[in-house]
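S.K.: Sharing a structure with you now.
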Amino acid sequence: MPSQQSNQPLPPGFQLDRYRIERQLSLGGFSIVYLAYDADETPVAIKEYLPNSLALRSAGTVPVVSEEHRNAFRHGMKCFFEEGRALAHLSHPNVVRVLNFFRANETVYMVMQYERGRTLQEHIRRCKGAIKEGFVRNVFSRLLNGLREVHAQKLLHLDIKPANIYLRTDGAPVLLDFGAARQALSSDGPYLKPMYTPGFAAPEQYEAPDQLGPWTDIYAVGASIYTTLGGAVPPAASARLVKDERVPAEKRWAGKYSKQLLETVDWCMQLDYLERPLSVFALQKALADGGAPQRDHSWADTLSQRLKGLIGK
C-alpha cells in the first residue's frame, strides 16, 4: 500500500469538461473538492474521485495507479459513479443536489450545487459549547427530512458527521459527502481500511457490514448531536465494544439540556442496533414531540426474532 500522500489538485483556470476550475475547496483522503464555474458563470462544487492510498498525482491531470491497486481503484470509481447516478435522481432541500457526473482524466467527477454557508463543525467551534437546544432540534429535525428521503431511495449515507452537515446562510442544513463508495472500497480487501470516521461510525461498520441499515446512519446522527452538545467527538464504537467509556449524554449534560433530548441521543448511540431507532421516522417523532423516546417494538422484535431463528438461538 502506498503511504498516505497529498495529491496535487487541478490548477486554477483548468477547463474540466464544461466547467472552469476556480480553486480547491477541500482535500481529503478520498477526494478533492473544487469551486468551479459552468458556461453560464454559475458556481458549482466538483468532487473528484482520488483516493490517496491508491492513486498519486504529483503533476499533470491523470493520476498514477499501480497495477497492485488498479482493481480497487476501478471498483471504487464505479461505486462513486453509481453514487452520483443515484443522487442525481434525488431532489430534496436538505440533501446536496447532484447536477452532473462524468468521467475525465481517467477518474470520475461529481458536480454539485454550490452552497454558501459553513459546516456544522465550524459552527460548533465558533460557539464553544454555547449551543441552544432549540438550534439542535431545529437543525437535526430538518436534516432528518433529507435523510428520510435518502433512505426511501434505498440509499445509505454512511458518513454523517458535523463536517458533512452544511448550514446554509439561512440556517437550513444540507447533508453532504455520501460515503457509499468508501464503504464499498473498505470491503474490497485490505486497501482502504478504515474508511469510516471514528466516533461517528456505528459498530456494524467495523464488525458486521452485512447488518448495515437506516439504524447505521441513525447512530451517526446521535453521535453528531452528542458532538454538537459538547464540542468533542465521542469514543469510537470499536473502543466502546471493548470497554464502553462514553459518558451518557443524559449524565454528561444533565440540567443543561432537556432529559428527553439527552435520552434520545443515548438511544441513537446504542451499540446494539436493535436497541436504536430503526427508522428516521421514529427518531423524528422523538425530536419533534418532546415525549419519551419509544423503542420501535414492531420492527425491532420482528427483526430480533428473525435473527435468532437464523442462528438457532
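Since every read-out is calculated from the coordinates, none of them should be taken as a lab result. Keep in mind that what you see is a predicted model, and the values were worked out from it rather than measured. When we count neighbours, we look across all protein chains shown, and the Cβ atoms used for this are built from the backbone with ideal geometry, even at glycine.
S.K.: Please turn the phi angles of segment 160-171 into ³J(HN,Hα) values with the Karplus equation 6.51 cos²θ - 1.76 cosθ + 1.60 (θ = phi - 60°), one per residue in order, whole Hz, x for glycine and proline.
M.R.: Values per residue, Gly and Pro as x: 6, 6, x, 5, 9, 10, 9, 9, 4, 4, 8, x Hz.
S.K.: What do you get when you divide the Cα radius of gyration of segment 87-181 by 2.2 N^0.38 Å, with N the number of residues?
M.R.: After normalising by residue count via 2.2 N^0.38 Å, the value is 1.15.
S.K.: Sticking with this structure for a sec: So the label point goes 7 Å from the Cα of H89 along Cα→C-beta, right? Which residues of segment 123-151 then have their backbone N under 14 Å from it?
M.R.: Only 150-151 pass the distance filter.
S.K.: When Rg is the radius of gyration of the Cα atoms in segment 117-296 and Rh is its Kirkwood radius, what does Rg/Rh come to?
M.R.: 0.94
S.K.: Turning to a different aspect of this structure: Straight-line reach from K256: which aspartates and glutamates fall under 14 Å, measuring Cα to Cα and dropping same-chain residues less than 8 apart?
M.R.: Cα-Cα hits under 14 Å: E133.
S.K.: Then there's this: From the C-alpha gyration tensor of segment 226-284, pull out the three semi-axes of the equivalent ellipsoid (sqrt of 5λ each), sorted largest to smallest, in whole Å.
M.R.: Semi-axes from the Cα gyration tensor: 18, 17, 9 Å.
S.K.: To continue, here is another question. If you plug each phi of segment 225-238 into the Karplus form 6.51 cos²θ - 1.76 cosθ + 1.60 with θ = phi - 60°, what whole-Hz ³J(HN,Hα) values come out, in order, with x for Gly and Pro?
M.R.: Working through the residues one at a time gives 5, 4, 5, 5, 5, x, x, 10, 6, x, x, 4, 4, 4 Hz.
S.K.: Points 7 angstrom from Cα along the Cβ direction at R20 and A239: gap in nanometres?
M.R.: Using points 7 Å along Cα→Cβ, the separation is 4.8 nm.
S.K.: Quick one: order L261, L90 by neighbouring beta-carbon count within 10 Å, fewest to most.
M.R.: L90, L261
S.K.: Calculate log10 I(q)/I(0) of segment 2-133 for q = 0.12, 0.18, 0.21 Å⁻¹, where I(q) comes from the Debye formula with a single equal point scatterer on each Cα and nothing for solvent.
M.R.: Values, matching the q order: -0.53, -1.04, -1.27.
S.K.: Show me 196-204, 103-111 ranked by packing, highest mean number of other Cβ atoms within 10 Å first.
M.R.: Ranked from most to least packed, the peptides come out as 196-204, 103-111.
S.K.: Cα-Cα over 21 Å: which of K132/K161; K47/K78; K132/K243; K47/K128?
M.R.: Violating the 21 Å Cα-Cα cut-off are K132/K243; K47/K128.
S.K.: What is the fewest-to-most order of D244, D177 by other Cβ atoms lying within 10 Å of their Cβ?
M.R.: Ascending Cβ contact count within 10 Å gives the list D244, D177.
S.K.: I've got another one for you. How do K243, K259, K285 line up, fewest other C-beta atoms within 10 Å first?
M.R.: K243, K259, K285
S.K.: Expected output is a single nm value to one decimal: the length gained when fully extending between V247 and S66, i.e. 0.36 nm times separation in residues minus the C-alpha distance. What is it?
M.R.: The V247-S66 span can extend by a further 60.7 nm.
S.K.: Hey, another quick one. Would you mind calculating the gained length between R103 and A152 on full extension (0.36 nm times residue separation, minus the Cα-Cα distance), in nm to one decimal?
M.R.: Net length gain for the segment: 14.9 nm.
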